[in-house]
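Below you'll find the structure, written out as structure tokens, and then a few comments.
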Amino acid sequence: MISSPSMISGSDATAQRLAWLDALRGIGAMAVVAEHMLPWLMPALRPYWFNLGMYGVLVFFLVSGYIIPASLERKGDVSTFWISRIFRLYPLYLLVIGLVLVMGIWVPVRPHVPRDVTAVAAHLTMLSDVHHMAAVADPMWTLSYEMVFYLLVTALFLRGAHRASGSISIAFGIAAVVLGVVLTGPLLPDRWPALVTCAIFVAGIACLITGRFRTVAGYTLGLMALVLLVFGSYVPWFAAAILSVMFAGTAIYRWEQGTGSLVPVAVSLGLVALAPVQAVQAGWWWVQPRVWTTTIALAAGTFALAMALRGRRLPRVLPWLGLISYSVYLIHQPMLRWLQAALGDLRLLPTEQRAALMAGYLALLLSVSWLTYRYLEAPAQRFGRRLARRRRVAAEPAAA
């Protein structure tokens, strides 16, 4: 969801080749915005034969699954990979958290966010959702699964098992089906594990970046991520299904490179579609078999279509939306809450006013997102790349 393909290489040609991934991220981000916006501003336009928000999230996860392992393998260096991830994710993430807390004076922070140090620890690691803790901004839940994926991919890379993407995807798909039947909720406590996890996470990432005890740290973080995913997530089957989808994205990349088959992708998506059928935790409208399967099919079809058209020039607005998609994704929900706090129940306004308000909201959201990308995200990413280069240069004499 949050890897920027066009930032993976400084080459304009490479950026052009990967513009289709940016376009997918833009489509995914706007689908999530629509899912949260339409019920308040244009409820008649919200579809119920599939879930717009989950469609966008699944597109994000397929893109991350496709590009993140490729990025790590291209760099060939765990330290460089994690420096780039930290400077890609955290600057905007911390800014949004800070703004939400400051605005809490006027718009109260979500009441189910813990008011103690465990919440700080869970937010620091971005693993709040796999600690079944609410984040200060609702869209941040997906970042937990992105982080779990990064940690698992790193452990697999260090083990030399990262090319078994298809088998891993199927394994998570099977786990999703089984966990849906045997687990009714998270088994881990919802407080102290966050403190332990935070300590392990900070120490482990420091080891991955510095190179000291790197392999041990990578394995430990990967195991920790797997335990949290299975036993700490709000909905265990859903957590396993997400990882199955992400590794299916990696399997597509393997197929494109000529080192894998698409059969595991089809099997994995079939298992993910079956997961909620007998699951104990499956009472929501968007995981009913017809809606859930349609949503998965649309997300997979969108990814396949974009991949088939990747050699063609796309409308410039789509890659541009992809560039600012991380900002759009994190900012849109807090901005919508502030709008509701200022104007009251938006559903009570006349249709013409709601239409005008929706247009103004989208224009403001895209403008603010462009500014945060231009003046925060992009400079932070450039600084991260410079830092990674300096570290590689400094490490070369030691290696020699």
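The values are calculated or read from the model by the stated rules, or taken from the named source; none is laboratory data. Note that the structure is predicted; figures quoted are calculated from it, not measured. Ideal geometry is used to build each Cβ from the backbone, glycine not excepted, and the neighbour counts take in all protein chains shown. Note: accessible area is taken over every heavy atom of the protein model, side chains too, but ligands, DNA and RNA are not part of it. Shrake-Rupley method; radii C 1.70, N 1.55, O 1.52, S 1.80 Å.
Normalised radius of gyration for the chain, please: alpha carbon Rg relative to 2.2 N^0.38 Å, two decimal places.
0.95
For the range 239-273 and the range 152-217, what is the separation of their C-alpha centers, rounded to whole Å?
Answer, in whole Å: 18.
Convert each backbone phi in the range 215-226 into a coupling constant with the Karplus relation 6.51 cos²θ - 1.76 cosθ + 1.60 (shift: θ = phi - 60°), then list the ³J(HN,Hα) values in order as whole Hz, x for Gly and Pro.
Rounded to whole hertz, the list is 5, 4, 5, x, 5, 5, 5, x, 5, 4, 4, 5.
For the range 167-254, which whole-number percentage of the solvent-accessible area (1.4 Å probe, protein heavy atoms only) is attributable to carbon and sulfur atoms?
Values: 2680 of 3430 Å².
Taking all protein chains in place, the range 167-254 shows 78 percent carbon and sulfur surface.
Taking only the Cα atoms of the range 255-400, how large is their convex hull per residue, in Å³?
257
I need to check one value: relative contact order of the chain, counting alpha carbon pairs closer than 8 Å and at least 6 residues apart, in percent.
Relative contact order for the chain comes out at 29 percent.
Which percent of the accessible area of the range 43-95 is formed by carbon and sulfur heavy atoms (probe 1.4 angstrom)?
Carbon-and-sulfur percentage of accessible area, whole number: 70.
Counting only helical runs of four or more DSSP H residues, what would the 222 nm mean residue ellipticity of the chain come to if each run contributes -39,500 (n - 2.57) and the total is spread over all its residues?
Taken over the chain, the calculation gives -24000 deg cm²/dmol.
I'd like to check one number: the per residue accessible area of the chain, probe 1.4 Å, reported in Å² as a whole number.
42
Which of the chymotrypsin sites (Phe, Trp or Tyr not before Pro) across the range 248-330 are loop residues per DSSP, with 16 or fewer other Cβ within 10 Å?
Qualifying residues, ordered by number: TRP284.
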